[in-house]
Amino acid sequence: MRHFLSSLALAAALAAAPAPILAQNLFEPVIYINNAAITRYEVGQRQKFMQILGAAGTTAAEAQQALIDDRLRNHAARQLGIAPTEEGLQNGLEEFAGRAGMSAAEFTAALERAGVEPQAYRDFVSAGLVWRSVIRERVVPRIKVSDAEVDQELRRQVETPILSRVLISELIIPAPPGQEQQALNLGRQIAGAGLSSDEFEAAARQYSAAESAGAGGRLAWVDIDNLPPALRTVITALQPGQTTQPLTVEGAVVLFHLRDSQGTLRPGATQQVIDYAALRLATATEAAALAARTRSCDDLYVQAGQAAPQVQRQTVPQGAIPTLIAQRLATLDRDEAGVVDYGNGADLVMLCSRQPALVADMADVPTTALPDDGVEAAIPGTDALPTREAVRDEIFNRKANAAAEAYLAELRAEAIIRRP
């Protein structure tokens, strides 16, 4: 339901929507949830509404599940004393219609021409409004995002190549008028089977109507920027060996399978900023003994005893560290110590932390290096990375969505659901 057609496409979909089909017992309850009835008419209205929003192959069962979830959302809101105001509901209707470039009145009129009653639209928006209030009151206060989580996500993004080319296969299932649902069902079966590249190739040979069917749907390497923006988003979300969910287009259902991808790291992605401690001692034996009993960089000051004032701890770009010490640090994990033996003396070195220079620069990590050797020198630019605030928001929203889904699942488990 998060995908919305453009105003032009939506208008076309509304104009082409079939007239409602009369049926017997239209208002007969088909399911009860916590003693609230869902009628056959409501299911039909929601099914048509979802189809207009872009989910062309929505089944009656899927529409029924959407209505069940809305009933549960409303139930949770009532328990918390939450109810939409008329002003809030009207604003919600306007905001939703605005995504299609229409006013609420225009959108309502278009729905009515397609056989969807205004109440179905109002019920849908109302359930969403109260659910957001429920989540804000019940879920949001419990969500915390730590600086460590932000750093971890930024490191992941730094270390992930920027996708430049993809190797995909296609499978196009014909969906002539009257057979759209059968085509969609087949597409869902294929997408849900977890096919390997070879298995997808066999399915393409069997079911695809594209010219590429003889080659198992295989296409040549394509630059990611050459893909349509909507398809680019779908493809970049895949890992090699994965298949998209069925995509419905006029007269067909389409699936894509990612066979391989190529990309390049961001400039500066391989540069690191190292936080480490070092202590010069008389012999390698003495350094090894101290390393063996030290558990962390902070603990080093305790274990070093009278030599603690001589501990040198600094945060510097990788290239600013003396070669022998840098080579030893490269083999260490966080809070692990090692020894650099010079023959006439030795350094105990301990790795306190390491992180990509790009991330360190965004966090304004203080550096003890000279200005010419500072973090900035290791970083060509950070324009390709999101800000820490944007990453924090992304993590927060991800947690909120997961918590909301978990709460909805909890409501489903506790609900009394029965069929007549």
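Compare the Cα positions of Leu265, Leu238, Leu290 along the charge dipole of segment 210-366 (+1 at Cβ of Lys, Arg; -1 at Cβ of Asp, Glu; about the Cα centre) and return the one farthest towards the positive end. Going by the charge dipole, the pick is Leu290. What's the Kirkwood radius of segment 29-141 in Å, using all Cα pairs? For segment 29-141, inverting the mean 1/r across all distinct Cα pairs yields 14.7 Å.
Measuring between their Cα centroids, segment 231-252 and segment 279-346 lie 52 Å from each other. For the chain, the dipole from Cβ point charges (+1 on Lys and Arg, -1 on Asp and Glu) about the Cα centre works out to 1080 debye, to the nearest 20. Peptides 108-117, 77-86 ranked from most to least packed by the mean count of surrounding Cβ atoms within 10 Å: 108-117, 77-86. In sequence order, segment 217-226 has phi-based couplings of x, 5, 10, 6, 4, 9, 5, 4, 6, 7 Hz under the Karplus curve 6.51 cos²θ - 1.76 cosθ + 1.60, θ = phi - 60°, and Gly or Pro positions carry x.
Take 402-413, 60-71, 171-182 and order them by the average number of nearby Cβ atoms within 10 Å per residue, most first; the result is 60-71, 171-182, 402-413. Suppose a student asked you for the relative contact order of the chain, using Cα pairs under 8 Å spaced at least 6 residues apart; what percent would you report? It rounds to 17 percent for the chain.
Let me check I've understood the local charge: for Asp225, count other residues with C-beta under 11 angstrom from its C-beta, Lys and Arg +1, Asp and Glu -1. What total comes out? Mind dumping the intermediate values first?
On the way: positive: Arg165, Arg232; negative: Asp223.
After counting each charged neighbour, the total is +1.
Charge dipole (Cα centre; +1 on Lys/Arg Cβ, -1 on Asp/Glu Cβ; no other charges) of segment 162-264 amounts to roughly 120 debye.
Might you report the magnitude of the Cβ-based charge dipole of segment 100-141 about its Cα centre, with Lys and Arg at +1 and Asp and Glu at -1, to the nearest 20 debye? If you can, show how the numbers build up before the last one.
Details: 5 positive and 5 negative charges, 48 e Å.
The dipole of segment 100-141 has a size of about 220 debye.
When shorter helices are ignored and each DSSP H run of at least 4 residues is given -39500 (n - 2.57), the per-residue value for the chain at 222 nm works out to -14000 deg cm²/dmol.
Backbone geometry of segment 114-121 corresponds, through the Karplus equation with coefficients 6.51, -1.76 and 1.60 at θ = phi - 60°, to 3J(HN,Hα) couplings of 8, x, 9, 6, x, 5, 5, 5 Hz, x marking Gly and Pro.
Computed from backbone phi with θ = phi - 60° and the Karplus coefficients 6.51, -1.76 and 1.60, the 3J(HN,Hα) list for segment 346-351 is 8, 10, 7, 10, 9, 7 Hz; x is used for glycine and proline.
Note on Glu394 and Arg313: the model spin-label points, each 7 Å out from Cα along the C-beta direction, lie 3.1 nm apart. Give the residue from Ser103, His75, Asn35 lying farthest towards the positive end of the charge dipole for the chain; charges sit on Cβ (+1 for Lys and Arg, -1 for Asp and Glu) and the dipole is referred to the Cα centre. My answer, from the dipole projection, is Asn35. A cut-off under 15 angstrom between Cβ atoms defines the neighbours of Leu89, and their net charge, with Lys, Arg +1 and Asp, Glu -1, is -3.
Quick check on packing: order 206-215, 119-128 by the mean number of other C-beta atoms within 10 Å, highest mean leading.
Working: 206-215: 15.4, 119-128: 18.9.
Packing proxy ranking, top to bottom: 119-128, 206-215.
Could you provide, to the nearest whole Å², the per residue accessible area of the chain with probe 1.4 Å? Working shown, then result.
Values: 22570 Å² over 420 residues.
Accessible area per residue: 54 Å².
Multiplying the residue separation of Gln242 and Gln189 by 0.36 nm and removing their Cα-Cα distance gives an extension gain of 17.7 nm. If the Kirkwood radius is taken over C-alpha pairs of the chain, then at 37 °C and 0.692 mPa s the Stokes-Einstein diffusion coefficient equals 123 µm²/s. Annotation: amide H of Ile162 within the under-5 Å range of Thr264, Leu265, Arg266, sequence separation 5 or more or interchain, hydrogens built in the peptide plane.
With a 1.4 Å probe rolled over the protein heavy atoms of all chains, the accessible area of His257, His75 falls in the order His75, His257, largest first.
The values are calculated or read from the model by the stated rules, or taken from the named source; none is laboratory data. Just so it is clear, the model here is predicted, and its values are computed rather than measured. FYI the Cβ positions are ideal-geometry reconstructions off the backbone, even for glycines, and counts take in every protein chain you see. Heavy atoms of the whole protein, side chains included, go into the accessibility calculation; ligands, DNA and RNA do not. Shrake-Rupley method; radii C 1.70, N 1.55, O 1.52, S 1.80 Å.
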